[in-house]
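The values are calculated or read from the model by the stated rules, or taken from the named source; none is laboratory data. Everything quoted here is computed from the prediction, not taken from an experiment. Ideal geometry is used to build each Cβ from the backbone, glycine not excepted, and the neighbour counts take in all protein chains shown.
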């Protein structure tokens, strides 16, 4: 069985066979890896399509990421543009369409290293916020890349808080145009992807003024570069913002507008419109401006956060069975580092989290699809819950996964620090996800605001949305667990999470009330409670993640082997959360000190159980070697040979170092003074 | 400082826009100049060299770090007088540039696992250095890739058919004059890493490469011409250099964290966002409680680590005096303490970067500390007293006599008194050390293998080490307060000390609650007190980072500028980006335009 799989995953490997240390891990799997993969994909048919897409892309040399780690920012950008352009040709050749079943796998196969991501956001915002007429005009142009779009919201001095934006759009009745302007340096648009060098158009968010009155932030389509020679349009200053911690391939840009005129028809006007005489008409709600952000937030959870974590787990766990270090027992050979309890305690909870968040992503996707249908029918009732939900989970999942990838990186010791391990680029990429599309603290506070509101409503006996009904059923009491085995019962730990979330929300709500009643202004009181509000929002999201994991496991009864290992992972995810946040559960005595010792014991027991299936569990994520692009994490486990071979490719080794002739030689020959 | 900042030779080009090769070249240029200037100004004191260095390289590593920091000190401590005559002056004059090659591709902290061999051949009186496998290739040493022409190589010594363990050898690797690798030597750069772009971390493979017998560092162990092996006094000495490096890392963690705090706090005072009160302008983000909660505990930590770094440096200096006189009794505690503190501070300071210079791994360090703690605990249990930082363990047997020791302790903690908080941390450390030691004992009773038992307890052991290090840091911070004579400075540092200690409690409430050191009600007070402290420290936040006294060029940050003109400078800086060099990027002509024509 090992042979065909090797050839399937490790095409092009110059090494012979699978490292025996890794091969032996695959002999003892308690379940079928292929079946688990199919289930994760949502059915064997999806797995087939995904592999076909991956194969088509990886076999095409234009999409190769082989030299990525050695490239400069300029080279990375050029490669990203080349890939994005080639993708259009490829899609036609393969008969893939934007809405086809293949499209969601294309991104995964390219591992994100291609340009025009914001072009998609540009199109998405037109589809959601534009009228039918605007959609009919712009979408065909964008689809054929007659125009390349970007999405310009963030300003140098302003981020997530939309109302704070300074860019203005003043309606000029005489010419029937909007005049867009950047009044200050902090109002300059800053960060939008694809804008620095590529985009011809962008959706600009600006404060709308009619007859001197401000109507708040609205979206406008603005042309920024000539469609002929790509030079900047009059009144436009734009460029690249310089090197970042990651996303070297993206030309994140700045944009300054000096009295730029755009026709009245360029304001996206599905929900509000400025009529020729300057009358302002709304249809719907201002909240709809947040909808594109909500969808983007949910899509990044999967593409930018969970997949990098799965890759990091794959690399770290495979490497941990190949790497041997010190001796566990005298006289034996050095032990695999994954056999050390401390290494298991680092990596296996991250693996459990990768699964937990994969399932949460399915849950969010369902919510979003439902919400989108409602919005199409002009029913905006579900928006607050959807917005609160997407904000909280975006924050919680990105934060959790960023720490998790960092744990994986550090767990690989020195070699994890080499770019060739693939881990640093996964880490910097995922770290950015904590910040863009809404800074996490602000997002958690939005969730908290929603939770407090629902809690108040529930206390007053009013109906509340489905995801928070537990707030209405507050039960004081103690955890009934009597032995460590009781903590492997999902009812027990779900209730513990529920209890803790409710306690944090209700106590913060009470405190907020107290402060307000003592005469402090509402907003000051809010700021004094924000640290606890953030904690409450996290506890809520953590609780939903645990419960959703347990429910997912329950539905697996037709696949007993997979259900069994998923149950272990679910238990581990839940108990790791209690173990790492013991104080929250001990605080009001819901868990006793003795029960906490039981939690710890069960938690540590699980590590040894899951250890046996660790490699099959990461194999099931089904990443090809090319997509991992890691010298440490390849399917065949030949980590050291690959590391040595890749290092020799480093450009620093190909040329004789200019530093030698210029500086070292005079130094070594003690002729420095003549320099 | 002014010497460097005003010297045109060291003028600043923006590193962010340079490629790796360019960065390396700049670092080499500055290192070469630096050595000349040091000689020119007659700077020889190690501390002064350190400061000079940190200003030339603006806190960045440089290819000569290992030459100055490891190669020369190792020569001084482990070479015989004859060897010093041969190597030290050429190395001092940089005719020899050396590095320190310990880590191998497949082996890190566990020294005994290294595979490189040095086999003595009495016929020619040479050692044959060999890298027998891929995993034995030396990997990571700084300056090895492109800069050095010599390396101190750690290898397993074989003589008269027997393995005598690890020893250090001076190995020439590049031809003097041409700088080409010598026959039998394969050497190169290991490729890009996460940061440290200017450092040419390297690999080294030796194929039966011969060096004269006199190139083994023989101050302690020796191989005689006929191959007879003469044992050293104590093999603990090999650890000496590592202890030294680790103690530097602790200080470096404090330094990196201080810089990060300076940047983040200054920027937070400049950045405005959202609104606190409807209708008012957007406030400074430093006025948000959540932002204070993120940054001030780190600021407090930077100060705490600063004091710890100073403590370790002093202790090291004191103890190394004893070592020279043959007194090795304090070396185990120092080794345990630097291991744990290195792991603890670099974990916390998120400067996990430095650890890679040695490719040592924090968990291993924590377990080294744990081994010492368990040993001390066992000593106490058998009725012996222990000294030093672990002396609190002496109280454990006495406490056990009291039936309700736990409840009796809890009420005494006063959360506004740093010394009382030290006691709380002490109690937590004692409890966790005791729990780990007991769990270890239980495991030992259940299975034959000592090693299995150790492994099955290692998560507990790491927790115990962390608690111990945390205690040491709080203790040193609190002790420092009484030494401050200026009342205003003492007041603000007391607030920081309280914040550091109380924040640590919040992050580990479980430990304090479970052991009954603090009650639920006290934890609620701690939360409250921390939030109050945030507001108290807020007015002094910028002043506290200004006190770190980083020059703008040293910070190298657009956001952290002393003058706060962030946005203007970001714009200026962005305009210099290589992608902006041409108004229309070449990829427009190469890719975009043809695509638009085709589609």
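The table that follows gives values for the structure above.
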{"item": "First in region B:155-169 and surrounded by fewer than 16 Cβ atoms within 10 Å (Cβ to Cβ), second anywhere and assigned to a loop (DSSP other than H, G, I, E, B), Cβ under 7 Å, 6 or more apart", "result": "B:160/B:227"}
{"item": "Residue selected from region A:124-138 under the condition surrounded by fewer than 22 Cβ atoms within 10 Å (Cβ to Cβ) and closer than 24 Å to residue A:257 by Cβ, by the criterion nearest to the chain's Cα centre (by Cα)", "result": "A:124"}
{"item": "Some residue of region A:229-237 being part of a strand (DSSP E or B), more than 12 Å from chain B (Cβ to nearest Cβ) and surrounded by 15 or more Cβ atoms within 10 Å (Cβ to Cβ)", "result": "no"}
{"item": "Residue A:542 at pLDDT 95 or above, crowded, with 19+ Cβ neighbours inside 10 Å and away from every other protein chain (no Cβ under 14 Å)", "result": "yes"}
{"item": "Top-ranked residue in region B:492-527 [being within 10 Å of chain A (Cβ to nearest Cβ) and over 18 Å from residue B:427 (Cβ atoms); ranked as surrounded by the most Cβ atoms within 10 Å (Cβ to Cβ)]", "result": "B:527"}
{"item": "Criterion violated by residue A:246 - all others in (1) buried (at least 21 other Cβ atoms within 10 Å of the Cβ); (2) closer than 24 Å to residue A:292 by Cβ satisfied", "result": "(1)"}
{"item": "Checking residue B:488 against (1) part of a helix (DSSP H, G or I); (2) within 14 Å of chain A (Cβ to nearest Cβ); (3) surrounded by fewer than 19 Cβ atoms within 10 Å (Cβ to Cβ), the condition it does not meet", "result": "(2)"}
{"item": "Failed item, numbered, when residue B:175 is tested on (1) surrounded by fewer than 24 Cβ atoms within 10 Å (Cβ to Cβ); (2) under 23 Å from the mean Cα position of the chain (by Cα)", "result": "(2)"}
{"item": "Elements of type helices (runs of 4 or more DSSP H) contained in region A:575-675, each with 1 or more residues being under 30 Å from residue B:508 (Cβ atoms)", "result": "A:582-586, A:593-611, A:614-619"}
{"item": "Sole exception among (1) closer than 25 Å to residue A:352 by Cα; (2) surrounded by fewer than 21 Cβ atoms within 10 Å (Cβ to Cβ); (3) touching a helix residue (DSSP H, G or I) at 6+ places or on another chain (Cβ under 9 Å) for residue A:522, by number", "result": "(1)"}
{"item": "Residue A:393 vs. criteria more than 30 Å from residue A:338 (Cα to Cα), touching a helix residue (DSSP H, G or I) at 6+ places or on another chain (Cβ under 6 Å), touching a residue at least 12 places away in the same chain (Cβ under 8 Å) and away from chain B (no Cβ under 14 Å)", "result": "yes"}
{"item": "Scope region A:85-101; condition more than 14 Å from every other protein chain (Cβ to nearest Cβ), outside any helix (DSSP H, G or I) and closer than 28 Å to residue B:589 by Cβ; matching residues", "result": "A:96"}
{"item": "Hits in region A:564-588 (condition: surrounded by 18 or more Cβ atoms within 10 Å (Cβ to Cβ) and more than 14 Å from chain B (Cβ to nearest Cβ))", "result": "A:565, A:566, A:568, A:569, A:570, A:571, A:573, A:574"}
{"item": "Any hit, region A:64-77, residues being at pLDDT 90 or above and in contact with a helix residue (DSSP H, G or I) (Cβ under 8 Å, 6 or more places away or on another chain)", "result": "no"}
{"item": "Any hit, region B:303-325, residues being assigned to a loop (DSSP other than H, G, I, E, B) and either more than 14 Å from every other protein chain (Cβ to nearest Cβ) or modelled with pLDDT of 80 or more (or both)", "result": "yes"}
{"item": "Candidate set from region B:80-102 (those that are within 14 Å of chain A (Cβ to nearest Cβ) and over 25 Å from residue B:138 (Cα atoms)); member that is surrounded by the most Cβ atoms within 10 Å (Cβ to Cβ)", "result": "B:93"}
{"item": "Residue A:408 being modelled with pLDDT of 90 or more and closer than 30 Å to residue A:633 by Cα", "result": "yes"}
{"item": "Residue satisfying condition, being within 12 Å of another protein chain (Cβ to nearest Cβ) and either crowded, with 24+ Cβ neighbours inside 10 Å or more than 15 Å from the chain's Cα centre (by Cα) (or both), within set A:351, A:426", "result": "A:426"}
{"item": "Failed criterion for residue A:245 (all others in (1) touching a residue at least 40 places away in the same chain (Cβ under 8 Å); (2) not in a loop (DSSP other than H, G, I, E, B) hold)", "result": "(2)"}
{"item": "Residue that is farther than 16 Å from residue A:297 by Cβ and in contact (Cβ under 8 Å) with a residue 24 or more places away in the chain, where the choices are A:425, A:433", "result": "A:425"}
{"item": "Residue that is modelled with the highest pLDDT [pool: residues in region A:148-168 that are in a loop (DSSP other than H, G, I, E, B) and more than 9 Å from chain B (Cβ to nearest Cβ)]", "result": "A:167"}
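Residue-wise test of (1) closer than 30 Å to residue B:277 by Cβ; (2) touching a residue at least 60 places away in the same chain (Cβ under 8 Å).
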{"site": "B:288", "(1), (2)": "yes, no"}
{"site": "B:295", "(1), (2)": "yes, yes"}
{"site": "B:303", "(1), (2)": "no, yes"}
{"site": "B:325", "(1), (2)": "no, no"}
